[in-house]
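Here's the structure we're looking at; comments come further down.
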There are 2 protein chains.
Amino acid sequence: MQATNGTLSELGERPLISRIRRQTAGGGDVVTGIGDDCAVVRLTPDAAEDLVLKSDPVICGHHFLPDADPRLVGRKALGRVLSDIASMGAAPRWILVDLVAPGDTAVRDIDAAYAGMSALAREHGCAIIGGDTCRGEILEYHVFGCGTLPRGTARLRSGARPGDALRVTGRLGGSLLSGSHLSFAPRVREGQWLRDWANAMIDISDGLASELWHLARESQAALVLDPGRVPLTSSAAATGDPLRHALFDGEDFELLFTVPPDREPGFDSAWQAAFPELPCTRIGEVVRAGEADVRFADGTPLAQGGFDHFVSPVEPT
Amino acid sequence: MQATNGTLSELGERPLISRIRRQTAGGGDVVTGIGDDCAVVRLTPDAAEDLVLKSDPVICGHHFLPDADPRLVGRKALGRVLSDIASMGAAPRWILVDLVAPGDTAVRDIDAAYAGMSALAREHGCAIIGGDTCRGEILEYHVFGCGTLPRGTARLRSGARPGDALRVTGRLGGSLLSGSHLSFAPRVREGQWLRDWANAMIDISDGLASELWHLARESQAALVLDPGRVPLTSSAAATGDPLRHALFDGEDFELLFTVPPDREPGFDSAWQAAFPELPCTRIGEVVRAGEADVRFADGTPLAQGGFDHFVSPVEPT
């Protein structure tokens, strides 16, 4: 590991994660380590199911404001992890929660947060089965999730292939304006259904632009985005620059995935039969392998953008 | 759930965990939920191995001081979770780490902390395979560990039976005075070995007194402690009241377990053959079932003591 005298703010989040990734190589039972939405591991060499593992913090002042409804804060804390598990195509099973809280936190607020988590857990057939509690200066929930799926079927960021269609569930942008960053529905059933259709999949937590770049880098592929087809929420559409919101806001928690050409013909009708209430839109395609690149249809490069926890100004995202 | 208008400081940590436990019942695939060192789950009804899951925070100002060696801080963060996995008799397999850090944290300190974690992980055959990073006001590591053991063999707090001997590994007390709270060796090999000998097992994180009470409550059993047999560290022995340090200091990360009468005769020689460098001491016995109680051999009740994160003064423990 190269020596450095800098700080985390100077380094930034993605280089930090790369440093951690270099230092923490996995073993033979690790199918996918650091660099995807979840890690994928195999309990025994002949196991019929793989496990996906994910941790994610939700911190007051970063992910929610002090006056947010505590029930929705709990819901969001679990929902973020469920969204990551969904993006692998897995079913969530077991959840642990580390609570950090100031001593003067109201017990009823903590009760409400766990009620919000428990309700969402029940909705998706998983259970909160452990965790820890500790006093701290700022209210934080650290949620650890464990999901399962048939061996070898996890959908990764690295699976995009030339010719694949780029698709997204739902509508994008304005999650902070509308409050949907607290009340979103993680696409758990959709993610499992998409296991049979998608080559690559990722959830949209840092904004469409950032996630397209993740797909491009991990797949070593060039992507082309048709900006006119990006599905917008009404709250994004009400702003002066809805596309910018859809590309860079983050916290939409929709799924971005690629469908290979031989699966495209039947896709729309199968999707509508399975999820009649939820749009699913083709927004572009994978055009070339060998080098990471993301451009608009007119050839303009797409900025890598997105939120960096160590470099961006502190605000709820 | 009963309504309350109080704060976490007024409620205290154990009642808080009881409230969370009531609100978050597990499903049929949960073998052991909240209330033990780890949760125990079963991937499929016919799985040959069970999974143990644990999360634990290590927070600057609570678990270590700002001038602590970052490599040892990382070692401690992982070591605490390995100790909990060991106390179930399981082998640690996969680790996730949530890092929360101020933007002005030195990159070399984070590198050192992950190097400390990675070295300890390699020593025990497990791998750091994921996690997340977020900016925050105070440096924190939230470690999530996943271990495995043969189906149905997890050693629980609830397994103590009348007639069992109470035993501890190593020596107790003075972990803060000696610095061993940062540099302890989690008893991972010992815990797996003890799976074949112990009825109940727990690691000593909050102090011997607190852990004896956990065993008594979860097993609904009365325990008798012989204070003259409690093995003391040299740093505890150098204080004016070494037994108080052994009972209430915490962070010894030794194992406390019970051995049934039919296994006691061969225990000492088998232990010495397996772990010639590490003492293992009989410190009392389980005398009665039906009600939780812990007393000294002369009949004096043992105070429940131990550190409460929400009620005790804030200091590294």
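The values are calculated or read from the model by the stated rules, or taken from the named source; none is laboratory data. Nothing here was measured: the structure is a model prediction, and the numbers come from that model. Counting neighbours? That spans all protein chains shown, and the Cβs are built from the backbone with ideal geometry, glycine included.
Here are the numbers for the structure shown:
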quantity	calculated
Given (1) more than 14 Å from the chain's Cα centre (by Cα); (2) under 30 Å from A:GLY228 (Cβ atoms), number of the condition A:GLY191 does not satisfy	(1)
Scan of the stretch A:207-232 for residues that are buried (at least 23 other Cβ atoms within 10 Å of the Cβ) and touching a Ser or Thr at 6+ places or on another chain (Cβ under 8 Å), ordered by number	A:GLU211, A:LEU215, A:SER219
Scan of the stretch B:100-110 for residues that are more than 19 Å from A:PHE144 (Cα to Cα) and in contact (Cβ under 8 Å) with a residue 40 or more places away in the chain, ordered by number	B:ILE110
Qualifying positions in the stretch B:85-99 - buried (at least 24 other Cβ atoms within 10 Å of the Cβ) and touching a residue at least 60 places away in the same chain (Cβ under 8 Å)	B:ILE85, B:ALA86, B:SER87, B:MET88, B:GLY89, B:ALA90, B:PRO92
Checking A:VAL30 against (1) of a type in the set (Val, Ile, Thr); (2) within 9 Å of chain B (Cβ to nearest Cβ); (3) in contact (Cβ under 8 Å) with a residue 24 or more places away in the chain, the condition it does not meet	(3)
Which numbered condition B:GLN23 fails, given (1) touching a residue at least 40 places away in the same chain (Cβ under 8 Å); (2) within 8 Å of chain A (Cβ to nearest Cβ); (3) farther than 17 Å from B:ALA154 by Cα	(1)
Within the stretch A:51-70, considering residues that are surrounded by 20 or more Cβ atoms within 10 Å (Cβ to Cβ) and either more than 10 Å from chain B (Cβ to nearest Cβ) or among the aliphatic types (A, V, I, L, M) (or both), the one farthest from the chain's Cα centre (by Cα)	A:PRO70
Candidate set: the stretch A:270-307, residues that are outside any loop (DSSP other than H, G, I, E, B) and among the small types (Gly, Ala, Ser); chosen: the one farthest from A:LEU255 (Cα to Cα)	A:ALA289
Residue list for the stretch B:130-155, filter: among the hydrophobic types (A, V, I, L, M, F, W, C), surrounded by fewer than 24 Cβ atoms within 10 Å (Cβ to Cβ) and more than 7 Å from chain A (Cβ to nearest Cβ)	B:LEU139, B:LEU149
So A:ARG167, is it surrounded by 24 or more Cβ atoms within 10 Å (Cβ to Cβ), farther than 20 Å from A:HIS63 by Cα and out of contact with any Leu (no Cβ under 6 Å at 6 or more places or on another chain)	yes
Qualifying residue in the stretch A:133-155 (condition: in a helix (DSSP H, G or I) and either assigned by TED's automatic domain parsing to the domain that holds A:GLY290 or over 22 Å from the mean Cα position of the chain (by Cα) (or both))	no
Candidates B:GLY174, B:GLY179, B:GLY207, filtered to the one that is modelled with pLDDT under 95 and in contact with a His (Cβ under 8 Å, 6 or more places away or on another chain)	B:GLY174
Residue within the stretch A:279-293 that is without any contact (Cβ under 8 Å) to a residue 24 or more places away in the chain and either of a type outside the set (Ser, Thr, Tyr) or closer than 14 Å to A:THR169 by Cα (or both) present	no
Pairs with Cβ under 8 Å, 6+ apart, first in the stretch B:111-122 and facing chain A (nearest Cβ under 10 Å) and more than 16 Å from B:GLY145 (Cβ to Cβ), second among the β-branched types (Val, Ile, Thr) and surrounded by fewer than 18 Cβ atoms within 10 Å (Cβ to Cβ)	B:ASP111/A:THR4
Check on B:SER269, out of contact with any Lys or Arg (no Cβ under 9 Å at 6 or more places or on another chain) and either more than 23 Å from B:ALA198 (Cβ to Cβ) or basic (Lys, Arg) (or both)	no
Strands (runs of 3 or more DSSP E) wholly inside the stretch A:2-61 that include at least 2 residues being at pLDDT below 85 and among the aliphatic types (A, V, I, L, M)	A:30-32
Test: B:GLY250 is farther than 12 Å from B:LEU172 by Cβ and in a loop (DSSP other than H, G, I, E, B)	no
Selected residue (criterion: nearest to B:CYS146 (Cα to Cα)) from residues of the stretch A:36-50 that are surrounded by fewer than 21 Cβ atoms within 10 Å (Cβ to Cβ) and more than 9 Å from chain B (Cβ to nearest Cβ)	A:ARG42
Hits in the stretch B:157-182 - residues which are under 13 Å from B:GLU285 (Cβ atoms) and touching a helix residue (DSSP H, G or I) at 6+ places or on another chain (Cβ under 6 Å)	B:ALA160, B:ALA165
